[in-house]
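Here is the structure we will look at.
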Amino acid sequence: MTPTMIDQETGRTARKRTAIIEAATELFLMQGYEGTSMDQVAAQAAVSKQTVYKQFADKDSLFAEVILGLSGTAEAFIDAVSELLGNPKDLERALKQLARRYLQTLMQPRVLQLRRLLIGQAGRFPELGATYYERVPERTVTAIATCFEQLSARGLLRVPDAILAARQFAVLVLFIPLDKALICGDNARPSASALDRLADAGVDVFLAAYSSRG
């Protein structure tokens, strides 16, 4: 094979893998883990069953790929954490921007649907749940805590335990809309303006406890 042919084959393989993951995601969300077969995934992706198994050893590994794909949303948000809190001119404004971004990220319909799917399969896939938790919620909290430590060192916050403060920040911002949406479904998702108000209110409570001005 020439280098050009190898590149073309690599591109085709990548496109097939993407098609398989997208097809599996749609089917898992529509039919659940138990209700989805590898044959259905192959048909939905318009590839052979052999191609599916060439990419993924079994349905478990395909399911893990779908769920852990959510870590991409965490990467973008973690970048926003350091961007907004790295050197804020107005800390309250920066925290409210971060809180709004946090809610916008986690309240996306597809993110909510996949989180429900993972929760529903937690008993079957405890290790997958633990890996997801480490890669997404835990990494996010750690990134926020790191910034809180830096802000505390500069005298902008009063944070004796940065990890605890970051977890409390997350709960204050996320709990009300996320808890309802996870349980009640996509129709329970608040409007964008309502999410902004909840984000701002969570920051107000956080600053009442941790502001260095208090």
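For segment 120-127, check the following and say yes or no: at least one residue is closer than 24 Å to A199 by Cα, polar (S, T, N, Q) and either in contact with a Lys or Arg (Cβ under 7 Å, 6 or more places away or on another chain) or surrounded by 14 or more Cβ atoms within 10 Å (Cβ to Cβ) (or both). Steps first, answer last, please.
Step one: filter segment 120-127 for residues closer than 24 Å to A199 by Cα, giving none.
There is no residue in segment 120-127 that is closer than 24 Å to A199 by Cα, polar (S, T, N, Q) and either in contact with a Lys or Arg (Cβ under 7 Å, 6 or more places away or on another chain) or surrounded by 14 or more Cβ atoms within 10 Å (Cβ to Cβ) (or both).
Quick test for you: out of F175, F148, F125, pick the one residue that is of a type outside the set (A, V, I, L, M) and closer than 30 Å to K59 by Cα. Steps first, answer last, please.
Working: F175 fails: closer than 30 Å to K59 by Cα; F148 fails: closer than 30 Å to K59 by Cα.
Residue meeting the stated conditions: F125.
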Checklist entry - Which residues, taken from segment 157-166, are buried (at least 16 other Cβ atoms within 10 Å of the Cβ) and either out of contact with any Ser or Thr (no Cβ under 9 Å at 6 or more places or on another chain) or touching a residue at least 24 places away in the same chain (Cβ under 8 Å) (or both)? => result L157, V159, A165, A166
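Condition first: among the small types (G, A, S), buried (at least 16 other Cβ atoms within 10 Å of the Cβ) and farther than 14 Å from S61 by Cβ. Now tell me which residues in segment 21-51 satisfy that.
As a first pass, look at segment 21-51 and keep what is among the small types (G, A, S): 23-24, 32, 35, 37, 42-43, 45-46, 48.
Still in the list and also buried (at least 16 other Cβ atoms within 10 Å of the Cβ): 23-24, 42, 45.
Selection gives A23, A42, A45.
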Item to check | Residue among L198, L174 that alone is of a type outside the set (F, W, Y), touching a residue at least 60 places away in the same chain (Cβ under 8 Å) and either surrounded by fewer than 16 Cβ atoms within 10 Å (Cβ to Cβ) or in contact with a Pro (Cβ under 8 Å, 6 or more places away or on another chain) (or both) | outcome: L198
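Condition check ((1) at pLDDT below 95; (2) not in a helix (DSSP H, G or I)) across all residues:
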site	(1), (2)
M1	yes, yes
D7	yes, no
T10	yes, no
T18	yes, no
L27	no, no
Q40	no, no
A43	no, no
A80	yes, no
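Being part of a helix (DSSP H, G or I) and without any contact (Cβ under 8 Å) to a residue 60 or more places away in the chain is the filter; apply it to segment 51-60 and report the residue that is farthest from I144 (Cα to Cα). Can you show your working first?
Step one: list which residues in segment 51-60 are part of a helix (DSSP H, G or I), which gives 51-55, 59-60.
After this cut, where a residue has to be without any contact (Cβ under 8 Å) to a residue 60 or more places away in the chain as well, the list is 51-55, 59.
On the way: T51: 41, V52: 39, Y53: 39, K54: 39, Q55: 36, K59: 35 Å.
Within segment 51-60, the match that is farthest from I144 (Cα to Cα) is T51.
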Next on the checklist: Among the residues in segment 61-77, are any touching a Phe, Trp or Tyr at 6+ places or on another chain (Cβ under 9 Å) and not in a helix (DSSP H, G or I)?
Outcome noted: yes
Item to check | So L95, is it at pLDDT below 95 and surrounded by 14 or more Cβ atoms within 10 Å (Cβ to Cβ) | outcome: no
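Residues are listed down the side, and each one gets a yes or a no for (1) in contact (Cβ under 8 Å) with a residue 60 or more places away in the chain; (2) closer than 26 Å to A201 by Cα:
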| residue | (1), (2) |
| --- | --- |
| L62 | no, no |
| G72 | no, no |
| E75 | no, yes |
| I78 | yes, yes |
| N87 | no, yes |
| Q97 | no, yes |
| A130 | no, no |
| E134 | no, no |
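The values are calculated or read from the model by the stated rules, or taken from the named source; none is laboratory data. Being a predicted model, the structure only gives us computed values, none of them experimental. Here Cβ is always computed from backbone atoms with ideal geometry, including for glycine, and neighbour counts include all displayed protein chains.
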